[in-house]
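A quick write-up on the structure given underneath.
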Amino acid sequence: MVTFREHIRTWVSPRNILASLLPAVVAAGVMVLCDAIDGNGYFAFSHTVLHALLLTGGMTLLFLLLLAVAPYARLPQKEKRGGDSRDADKARWYSRHAVLVETGIIFLCWLPWLIALYPANFLGDTLISIGWFTGTVDGAGNFLSDHNPILTVALFGGLAELGKLLHHVGLVFFVFVLVQAVCTCYAFARAVQYVYAEFGLRKAARNLALGFYALCPLFPVWCTYLSKDALFSPLFVLWCVHFVELVRTSGRSMASSREAVVFSLLTIAACLTKKLGIYILLPSIFIALICCAISRGGSDAFEGNVAHDGGVACSGAHGEGKTSGTSRVPVMRNVIISFVASAAVLLVLVPHVLLPILHVQPTERYETYSVQLQQTARYVADHPDDITAEEWSAIDRLLDGSDLSTRWVWYISDPVKYRISEPTDAYSDWLKAYLAEGLRHPLSYVQSYVALESGFGKSDLQIAVQMDSSFMSAYDASDIPDAYMSTGWSLKTGEMAERIYTKLASLPIVGLAHRCVVYTLVIPGFYVAALLASRRKKAWMWLIALPFALTELGLWVSPISITVLGSRYFLPLLYCGPWLFLLSMAMYASGSPADGESYGDDAPSKSASQASLSAAEA
């Protein structure tokens, strides 16, 4: 029994303090820079030192408190798992039943919000995609572009056409919103149940995470959006669950062909709904594949204290549970096949076969240079007299310099880049000018970048949402009017929902959950603190963080961070936030279930993943 004094000594140990301080300093530094951006997009530092000290001290103390609480989230008593087939069948039923019940509860809590915001919410990209597909915007009938993923263009455009056929587009979109909400609820319930079952958490910790997903209005409101981000984010949550299990078991979870197929389909579906997923999911799988191959080839860096499916415990620390050489080939074969199949579809089949057949125009190159183009426009506005004739010629050729300085808006790059006419060979000369000007006035580039991304790091900025689609009436809605604006009773209930949401978001404690920085910096910071403070082997824990780290990096090169158009970019981190927080608590408290042990009567005797793989191995 650990005494209270021993617990306090561990809590305030130099290891914990340093582990909490390092991520707190980084997060506080980002917040200070973002908070300093004024209403014109320029630095306006005020009481900077005091501000930095308060943020650093506050987050350090918060991380320390969470580390102190984390051990109590895990069940203290351990029992050996039963290993017969009846236990496996019971565990499989238990887990599936629990996830379905939790899905239903979350959905019922969301339903009033979904009904109030009937039929759906729309973003500009979504409406343009519908317009391209249906020929109701810009008079371009059936115009297809890879600017938005072709899957989402076909999906949303197909829904609009179906609604037109049935003479009620709004109802069709509302049914889709309900289906999207159910799938999102399932993703949340599945993720929370996985951490609860695999890491031996108390029911109270599980219920707290489920309650947050069910009661926080951010999630149902964002589920009303017809957006590629709202499609990608629940798929990303489910994919992360399978990725964690892949890494945690050093690839053994993929011994089941069914698991390999499901993982491949999730990878492909997620990347087809949001192209950034290709740069997050595929590199994560590739690096995990290499690490699993090294681990299974003899290293125990990723095998310490991990309970593996089918009752086969791999404990590198003790040299027990090593699988025989005959079992390595099928497992690694499935992992390799899954990665190669996903990469072939996403990198070869879709871009080089499917899109040309469908005559889909490739995406514009300027999307890759959103931040850099914004910096050029900022430079023209800040230093118009320090541009050589050659540089001006390159800028004007690409961006049309006639009104570039007035098109520059500090929080969004769209007005700058959308004047570019592609295809063009003007990028090479512009890049030379871009580099030369950045060397002369780097502060202009720094301010431009921080201003553009400041919405993700401002400590007091709430997550922007949109409660109705009435502003979309400016679009040509001659063929699908119900899809473009709220009408009748839905507009009134939308106003009521907005008042309730605003009231909740303004509450002192509840309002913190509506701040963007909680999901972009605080929760990821706590994850890092938990790993640094953990005394367990944690190579596999750092590898688990890879997709979240890549998502974080992708967030900080977004073309906008303010307003609802910016909020959608961090939706994957928002959806993963409560689950990632729970995972951080679990890994600090226990690292991972050890040597095939469970955690007492309050936890399932065997997880669903363990049961399914037991049957596969049998």
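The values are calculated or read from the model by the stated rules, or taken from the named source; none is laboratory data. For clarity, every value in this text was computed on a predicted model and none was experimentally measured. No Cβ is skipped: glycine too gets one built from the backbone with ideal geometry, and neighbour counts run over all protein chains shown. These accessible areas exclude ligands, DNA and RNA; they are computed on the full protein's heavy atoms, side chains included. Shrake-Rupley method; radii C 1.70, N 1.55, O 1.52, S 1.80 Å.
The figures follow:
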| item | result |
| --- | --- |
| Unique match (being touching a residue at least 12 places away in the same chain (Cβ under 8 Å), open to solvent by 50 Å² or more (accessible area, probe 1.4 Å), touching a helix residue (DSSP H, G or I) at 6+ places or on another chain (Cβ under 9 Å) and of a type in the set (A, V, I, L, M)) among Leu373, Leu347 | Leu347 |
| Residue among Leu235, Leu246 that is modelled with pLDDT under 95 and crowded, with 24+ Cβ neighbours inside 10 Å | Leu246 |
| Selection status of Asp429, more than 34 Å from the chain's Cα centre (by Cα) and not in a helix (DSSP H, G or I) | no |
| Only one of Glu495, Glu453 that is modelled with pLDDT of 75 or more, more than 30 Å from Gly554 (Cβ to Cβ) and in a helix (DSSP H, G or I) | Glu495 |
| Ala27, sole failed condition from (1) of a type in the set (Gly, Ala, Ser); (2) in contact (Cβ under 8 Å) with a residue 24 or more places away in the chain; (3) surrounded by fewer than 14 Cβ atoms within 10 Å (Cβ to Cβ) | (3) |
| Residue match in the stretch 254-261 (condition: within 22 Å of Trp542 (Cα to Cα), of a type in the set (Lys, Arg) and either outside any loop (DSSP other than H, G, I, E, B) or out of contact with any strand residue (DSSP E or B) (no Cβ under 9 Å at 6 or more places or on another chain) (or both)) | no |
| Residue satisfying condition, being out of contact with any Ser or Thr (no Cβ under 9 Å at 6 or more places or on another chain), surrounded by fewer than 16 Cβ atoms within 10 Å (Cβ to Cβ), modelled with pLDDT under 90 and among the β-branched types (Val, Ile, Thr), within set Val101, Val69 | Val69 |
| Unique residue being part of a loop (DSSP other than H, G, I, E, B) and crowded, with 19+ Cβ neighbours inside 10 Å when the list is Ile387, Ile395 | Ile387 |
| Some residue of the stretch 242-252 being under 30 Å from Val564 (Cβ atoms) and either of a type outside the set (Ser, Thr, Tyr) or touching a residue at least 12 places away in the same chain (Cβ under 8 Å) (or both) | yes |
| Hits in the stretch 518-543 (condition: of a type in the set (A, V, I, L, M) and under 14 Å from the mean Cα position of the chain (by Cα)) | Val518, Leu521, Ile523 |
| Of residues in the stretch 549-559 being in a helix (DSSP H, G or I) and open to solvent by 20 Å² or more (accessible area, probe 1.4 Å), the one farthest from Ser413 (Cα to Cα) | Ala549 |
| Boolean, Arg515 is surrounded by fewer than 23 Cβ atoms within 10 Å (Cβ to Cβ), touching a Gly at 6+ places or on another chain (Cβ under 9 Å), modelled with pLDDT under 95 and among the charged types (D, E, K, R) | no |
| Residue count, the stretch 258-272 (criterion: open to solvent by 10 Å² or more (accessible area, probe 1.4 Å) and either polar (S, T, N, Q) or within 15 Å of Ile150 (Cβ to Cβ) (or both)) | 4 |
| Residues of the stretch 220-239 classified as under 13 Å from the mean Cα position of the chain (by Cα) and more than 20 Å from Val169 (Cα to Cα), total | 9 |
| Flag for Ile278 being modelled with pLDDT of 85 or more, part of a helix (DSSP H, G or I), open to solvent by less than 30 Å² (accessible area, probe 1.4 Å) and under 24 Å from Thr551 (Cβ atoms) | no |
| Hits in the stretch 422-450 (condition: open to solvent by less than 90 Å² (accessible area, probe 1.4 Å) and within 12 Å of Tyr366 (Cβ to Cβ)) | Glu422, Thr424, Ala426, Tyr427, Trp430 |
| When residues of the stretch 331-344 are limited to those that are open to solvent by 50 Å² or more (accessible area, probe 1.4 Å) and more than 21 Å from Tyr279 (Cβ to Cβ), the one modelled with the lowest pLDDT | Arg333 |
| Residues satisfying the stated conditions in the stretch 45-66, i.e. within 24 Å of Trp556 (Cα to Cα) and open to solvent by less than 50 Å² (accessible area, probe 1.4 Å) | Thr48, Ala52, Leu55, Thr56, Gly58, Met59, Thr60, Phe63 |
| Per-region count, the stretch 514-542, residues part of a loop (DSSP other than H, G, I, E, B) and out of contact with any Asp or Glu (no Cβ under 9 Å at 6 or more places or on another chain) | 4 |
| Unmet criterion (only one of (1) within 27 Å of the chain's Cα centre (by Cα); (2) at pLDDT 90 or above; (3) within 23 Å of Phe286 (Cβ to Cβ)) for Ser370 | (3) |
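Residue-wise test of (1) within 21 Å of Leu123 (Cα to Cα); (2) outside the structural domain of Cys109 (by the TED database); (3) touching a helix residue (DSSP H, G or I) at 6+ places or on another chain (Cβ under 8 Å).
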{"residue": "Val153", "(1), (2), (3)": "yes, no, yes"}
{"residue": "Val192", "(1), (2), (3)": "no, no, yes"}
{"residue": "Gly200", "(1), (2), (3)": "no, no, yes"}
{"residue": "Asn207", "(1), (2), (3)": "no, no, no"}
{"residue": "Ala214", "(1), (2), (3)": "no, no, yes"}
{"residue": "Phe219", "(1), (2), (3)": "yes, no, yes"}
{"residue": "His242", "(1), (2), (3)": "no, yes, yes"}
{"residue": "Glu245", "(1), (2), (3)": "no, yes, yes"}
